[in-house]
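Input: a single structure, listed below in structure tokens.
The values are calculated or read from the model by the stated rules, or taken from the named source; none is laboratory data. Given the structure is predicted, the values throughout are model-derived calculations rather than measurements. All Cβ positions, glycine included, derive from the backbone under ideal geometry; neighbour counts span all protein chains shown.
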Amino acid sequence: MCGACGRTVVADDVLGPVRTLRSQHIVAQTINALCTAVPGLPTIQVAGDAWTLRSATGAVQSCSTVRDLWAALVARVGAAAVPLLRQNIELALTDAVGLDRDVLLAGKKALVTER
């Protein structure tokens with residue numbers, strides 16, 4: 001729990017001990033860029049100290065960590081879309097560095113774990 005604000009602090013193995021709004025936006029942009037080519041996937045938006053997945057049907061899900069975000073996204077991916085998402089991650093990994101690379105590697109791991 002944060003001593004200054006009283007909110008529960010969630011450990012995130014991708015973002016590390018310091019979570020900034022900028023890093024949260026980078027995570028959302030990285031994942032959204034992959035999802036534009038895959039039909040039916042929700043969009044990710046930053047919401048305070050978490051992310052929200054908004055689907056075309058209006059369903060909203062909140063996620064506190066990058067791992068939770070990928071798990072929720074993979075759970076919504078149809079079996080036919082998994083190879084396309086995996087291919088997009090592999091292509092993006094070829095020139096990704098820093099936080100982008102960490103987010104993509106977490107997504108690659110989530111696809112292997114979930115499917």
### Query
In the stretch 65-115, which residues are modelled with pLDDT of 90 or more, part of a loop (DSSP other than H, G, I, E, B) and surrounded by fewer than 18 Cβ atoms within 10 Å (Cβ to Cβ)?
Thr94, Asp95, Ala96, Val97
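Results for (1) surrounded by fewer than 17 Cβ atoms within 10 Å (Cβ to Cβ); (2) without any contact (Cβ under 8 Å) to a residue 60 or more places away in the chain; (3) in contact with a Leu (Cβ under 6 Å, 6 or more places away or on another chain), shown as yes or no for each residue.
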| residue | (1), (2), (3) |
| --- | --- |
| Ala33 | yes, yes, no |
| Val38 | no, yes, yes |
| Gly48 | yes, yes, no |
| Leu53 | no, yes, no |
### Task
State whether the residues of the stretch 44-65 include one that is among the basic types (Lys, Arg) and out of contact with any strand residue (DSSP E or B) (no Cβ under 8 Å at 6 or more places or on another chain).
no
